[in-house]
Amino acid sequence: MALDRQATGLAILRICLGTFFIFEGLGKIRWFMDTSLLASQLAGWLQAVPPESFSHQYLERVAIPGVPYFARLVPLGEVASGLALVAGFWTPLAAFVAFFMALNFQFASGALFKYSFLTSGYGLPVLGAALALAIGGVRLPWSMRSSKSPRATKAPRS
């Protein structure tokens, strides 16, 4: 029996991305008690993006008015989705939540529309990995929802 290399590779990606999101969320735990930390970050982004941009509109209409909620939801969502990814529990859903949160940060900061987005380790690699797991992260090895650990398949006969 041969190792299912694709599933094993996605499982490794799932665990690494989950660990990343756990520590991103833990770094924002102070937001629970001090929402001004998020508010000042968003205010800085508002000053940095062009006034006619979609990011500026998003910050003014959604993100900044929602600071009291987002300051609590973001760390909670990052830690929860990270733990779910590491454990392999509801991987596609957890990966989609992680993708959506990362996309919101990239969009709000204006980074999504810059060349640097393509070279940032927080940009395309994180979004691509999360989206890949949201699409193909079912029944992976070392998962709570997997029946085999790691999955093995029969090698093709010659």
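Here, each number is a calculation from the coordinates, and none is a lab measurement. Quick caveat: nothing in here was measured; it's all calculated off a predicted structure. Here Cβ is always computed from backbone atoms with ideal geometry, including for glycine, and neighbour counts include all displayed protein chains.
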Treat every Asp and Glu Cβ in the stretch 2-145 as -1 and every Lys and Arg Cβ as +1, leave all other atoms uncharged, and give the resulting dipole magnitude about the Cα centre to the nearest 20 debye. 300 debye
Per the helix-only model, the chain has a calculated mean residue ellipticity at 222 nm (DSSP H runs of ≥4, -39500 (n - 2.57) each, divided over all residues, rounded to the nearest 500) of -20000 deg cm²/dmol
Got a sec? How would Glu78, Glu60 order by Cβ neighbour count within 10 Å, fewest to most? Glu60, Glu78
State, as an integer percentage, the relative contact order of the chain based on alpha-carbon contacts under 8 Å between residues 6 or more apart. 35 percent
